[in-house]
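Chemist: I'd like to ask you about the structure that follows.
The values are calculated or read from the model by the stated rules, or taken from the named source; none is laboratory data. Quantities reported herein were computed from a predicted structural model and do not represent experimental measurements. Reconstructed Cβ throughout: ideal geometry from the backbone, glycine too, with neighbour counts over all protein chains shown. Remember, those area values only see protein heavy atoms, side chains included, never the ligands or the DNA or RNA. Shrake-Rupley method; radii C 1.70, N 1.55, O 1.52, S 1.80 Å.
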Amino acid sequence: MAEIRTALATNMRQNVAFTIAIAMLVSLYLVYNLMHPRGFSAAVLIQNSNESVAIIFLAMAQTVPVLLGGLDLSVGAIMTLANCVASVVVNGSPLQIVLGMIITLATGTAFGFMNGLIVVYGRLQPIIATLATGAIAIGLALFIRPVPGGNVDGDISWALTNDLYEFVATYGLFDADAAWFKPIAWIPVPLLIVVVIAFGVWLPFKRTVTGRTIYAVGSAEGAAFMSGLPLNRAKIAAFTLAGFFAACGGLYLAIQTSSGNADITQAGAYTLNSIAAVVVGGTSLLGGVGGAIGSLVGALILRVISFYFRIVSIDPLLQPLIEGLVLLAAVSLGAFRTLQVKNRLNFFR
Amino acid sequence: MPIDDPIVKLTGVSKHFSGTRALEGVDFKCRAGTIHGILGENGAGKSTLIKILSGVLQPDAGSVEVNGEPVRFSNPTQAAASGIVCIFQELSLVPDLSVADNISIATPPRKFGLIDGRAQNRRAEQLLARIKCEDVDPNSLVRELSLSRRQMVEIAKALGKDPKVLILDEATSALTSRDVETVYGLLAELKAQNVASLFISHRMQEIEKLCDTLSVFRNGQHIETFAKGAHSEGEIVKLMIGREVTAHYPPKPPPTEKAEYLKIDRLAWEGQLKGIDLSIGKGEIVGLGGLDGQGQKELLLGLFGVLRGLHGDVAIDGQPCHPASPAQAKSAAMRIALVPEDRKTEGLMLAMSIADNLLAASYDRISDGPFINSDKASQAVAEGISKLQIKVASPDDIVSTLSGGNQQKVVIAKWLMTDPEVILLNDPTRGIDVGTKQEIYKLIRELADRGKTILLYSSDYAELIGCCDRVVVMYDGKIVAKLSGDAISEEAIVAASLNVGTTASTSAAGAHHG
């Protein structure tokens, strides 16, 4: 027992930023529900979850290149591309729908893989390489969907954006009113999707040599090289995984809105917000520290802050100002580490 | 295999770096079941030798054999696969990963294709227990450990690769005395298991105590390999010195009593500076000697306001001087300049023009209010270029297009433009051609003649002897010898650098530390 406690203490000490982010999210969301006229209701939870899925996936996508010490400016664009692809292919028979989803995710993943190849073999800075490929992704999205629209299967749209009860009832999997099902029937499906992918993809990936190499590259690339780690494979994998997560976001957006929209402004805003979420979630922009679960929490914090504007009467014109101040406060919590540096030259290394 | 066959054999190995030779026709053998010490002063070729053995560098000529098989390693992983494992002086640990992660970094234990955290922790615990480091938690991050603990983790990581040849490059210099004893025990244990250990250390006593075979390197050449006890300490020092003098130095003025200008009193920092006392007169050149990494660089950085948490007093011309930043150090009140060690990162902004680099430290002198006065700027640039005779086509060329020697002149000219009174030089002639070196020696002497106070760190003993009025030698963060006049000899400096008592240095050191 004592051992578990020390292990937990070690973990918390090593992940101060993550612990702070969790505490911040929990308190923000509690207060939000207390202030909300229909607080603590399933309807509010479902609505909030739906509105958070895309940015959570984008934040997780952004995390992986950031851990390497780079930035991926194409995540928003890949999401938009996947969104437009999904609006074409996710319909028809159940088999066709599943196939469509796979095509959508494969598109984003392949795009991320291409980013990785360009960064590694083109020897380009990630930020500029992805700025260019991001524009390409938007171009492809516009080619597929010059005007907003599309045709996403209505059943799946309904089933995946509500609680588990509706999911089961829509597809008649079993009796949705069964007594054993009751305690979990309220869980929103979007929340479940996020949790399953975050824990089912990210956590195992982190435990591969490739995943660990990503951390090693961001932390000390020289040491990683001297230890004989697969640097190129890790870099390509990082961008590929970013492409996959971004495609998840795009697919969900298509399902949620039943359509595709090659919206350039939206793609840019999502990219920038993903960087903010990564930082708020405790991942260092210098690389090597943090993780996608932290970014999930960071994205939720950003979303919850914006939810507040609905229940607190603030002049909409003041919203960006206040969002900026809150973001600044949140990220400055991470700057304390530099106070311990004894050799000032080390600031620059 | 007969027991006499060497496990590692180098034949005619040479390595050159941009014109300078690091190794020249080296024949070297190392046998299994020995602890083999390698001795040599700075630049003798020790590091190049082990980098070639461990696959970091590839030789330009010659062959390497392991167990009689010719090999050619293109990276450290291949060397490790052949059983050659190096514990590097610059740590190869990843600071943001845990101890257990680091120990098994390249080949972790796996379960279902994923890293098995528990098995990895057990492995880390076993390896750490072998070097009596049970107090290190495998889950803690390497970043959280002290330097000596990190070094032990590095040793555990190397042990985990199951070495046949273990190379320790200054592996004990950061360790506590208890850990050093543990490492000695470990080496004896490995020797019994027929592992060859190549041991590189600056501590002569350590090599004497531990090794059974010694090899001396000098000027990139293998001088002699002999069994322990075949030569006395004094004879070994003589084997290590005897470098050809290639440069000519300006004549030194006769020693005179100089008014004290810079006074350093009990300066200490983070266990790397342990109470430095030194005073330098106006117009005096004091050389800072010793093997690399004994605190010389930290002393210069400390005086220049780069280090936090310094203890002790520094005074310039009787006024206390504790700059909080390089910006303060160069200000009118202190007038200190530092020509840094690595001109490519700390000295120059490589992508900017020669003119911009020359002006970088003295914008306040060429500006009117907030604006740079372009007439003053071009005049200052022209002066700087002519004073140091920098060979440039146009001052607007990018500085990285210049040769190494001219780049170094730009760095020096940049600092002379601030009109400093105290000039700190960190190995200013490293890696530049002989002609430029001589110009720099002449310049240093001229500056001293004009009353500047100069502290010069050099890894080249000949330079200290040729240039300096006095030489102090540092060892393990302390000054161990102060030499002046005829007492400045290569033998005295090398002996003091190794902190061994041979004739000249003992009396010189004793006189100042009695």
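Chemist: Looking at B:339, B:411, B:381, B:314, which is the one that is surrounded by 20 or more Cβ atoms within 10 Å (Cβ to Cβ) and in contact with an Asp or Glu (Cβ under 8 Å, 6 or more places away or on another chain)?
Modeler: B:314
Chemist: Condition first: open to solvent by less than 30 Å² (accessible area, probe 1.4 Å), in contact with a helix residue (DSSP H, G or I) (Cβ under 8 Å, 6 or more places away or on another chain) and at the interface with chain B (Cβ under 8 Å from one of its Cβ atoms). Now tell me which residues in the stretch A:207-218 satisfy that.
Modeler: Hits for the stretch A:207-218 are A:212, A:215, A:216, A:218.
Chemist: For the list (1) in a helix (DSSP H, G or I); (2) charged (D, E, K, R); (3) without any contact (Cβ under 8 Å) to a residue 12 or more places away in the chain, I need the number of the one condition that residue A:38 fails.
Modeler: (1)
Chemist: Another one. Can you say whether residue B:300 is closer than 24 Å to residue B:450 by Cβ, within 12 Å of chain A (Cβ to nearest Cβ) and outside any strand (DSSP E or B), as far as the supplied structure shows?
Modeler: yes
Chemist: Additional query: Is it the case that residue A:6 is open to solvent by 20 Å² or more (accessible area, probe 1.4 Å) and either more than 19 Å from the chain's Cα centre (by Cα) or within 14 Å of another protein chain (Cβ to nearest Cβ) (or both)?
Modeler: For residue A:6, the condition - open to solvent by 20 Å² or more (accessible area, probe 1.4 Å) and either more than 19 Å from the chain's Cα centre (by Cα) or within 14 Å of another protein chain (Cβ to nearest Cβ) (or both) - is met.
Chemist: Do you know which residues across the stretch B:90-106 are in a loop (DSSP other than H, G, I, E, B), over 28 Å from the mean Cα position of the chain (by Cα) and modelled with pLDDT of 85 or more?
Modeler: B:104 - this is the single residue of the stretch B:90-106 that is in a loop (DSSP other than H, G, I, E, B), over 28 Å from the mean Cα position of the chain (by Cα) and modelled with pLDDT of 85 or more.
Chemist: Starting from residues that are open to solvent by 20 Å² or more (accessible area, probe 1.4 Å) and closer than 22 Å to residue B:107 by Cβ, keep the ones in the stretch B:74-89 and report whichever is nearest to the chain's Cα centre (by Cα).
Modeler: That would be B:88.
Chemist: Return a yes/no flag: does the stretch A:191-198 have any residue that is more than 8 Å from chain B (Cβ to nearest Cβ) and closer than 22 Å to residue A:288 by Cβ.
Modeler: yes
Chemist: Only one residue in B:361, B:351 is of a type outside the set (S, T, N, Q), in contact (Cβ under 8 Å) with a residue 40 or more places away in the chain and either outside any loop (DSSP other than H, G, I, E, B) or over 30 Å from residue B:312 (Cβ atoms) (or both). Which one?
Modeler: B:351
Chemist: Looking only at the stretch B:110-137, which residues are in a loop (DSSP other than H, G, I, E, B), facing chain A (nearest Cβ under 10 Å) and either over 20 Å from residue A:205 (Cβ atoms) or open to solvent by 30 Å² or more (accessible area, probe 1.4 Å) (or both)?
Modeler: B:112, B:113, B:137
Chemist: Can you tell me which residues in the stretch B:139-155 are surrounded by 15 or more Cβ atoms within 10 Å (Cβ to Cβ), part of a loop (DSSP other than H, G, I, E, B) and more than 10 Å from every other protein chain (Cβ to nearest Cβ)?
Modeler: Within the stretch B:139-155, B:145 is the sole residue that qualifies.
Chemist: For residue A:269, all conditions in the list (1) at pLDDT below 90; (2) surrounded by fewer than 18 Cβ atoms within 10 Å (Cβ to Cβ) hold save one; what is the number of the exception?
Modeler: Failing condition for residue A:269: (1).
Chemist: Only one residue in A:252, A:308 is within 13 Å of the chain's Cα centre (by Cα) and either at pLDDT 95 or above or away from every other protein chain (no Cβ under 14 Å) (or both), so which one is that?
Modeler: From the options A:252, A:308, the qualifying one is A:252.
Chemist: Okay, next question. Is the stretch B:335-347 home to any residue that is part of a strand (DSSP E or B), within 14 Å of chain A (Cβ to nearest Cβ) and of a type in the set (A, V, I, L, M)?
Modeler: Checking the stretch B:335-347: at least one residue is part of a strand (DSSP E or B), within 14 Å of chain A (Cβ to nearest Cβ) and of a type in the set (A, V, I, L, M).
Chemist: On to the next question. Restricting attention to the stretch A:219-236, and to residues there that are open to solvent by 30 Å² or more (accessible area, probe 1.4 Å) and at pLDDT 90 or above, which single residue is farthest from the other protein chains (Cβ to nearest Cβ)?
Modeler: Filtering the stretch A:219-236 for residues that are open to solvent by 30 Å² or more (accessible area, probe 1.4 Å) and at pLDDT 90 or above, the one farthest from the other protein chains (Cβ to nearest Cβ) comes out as A:235.
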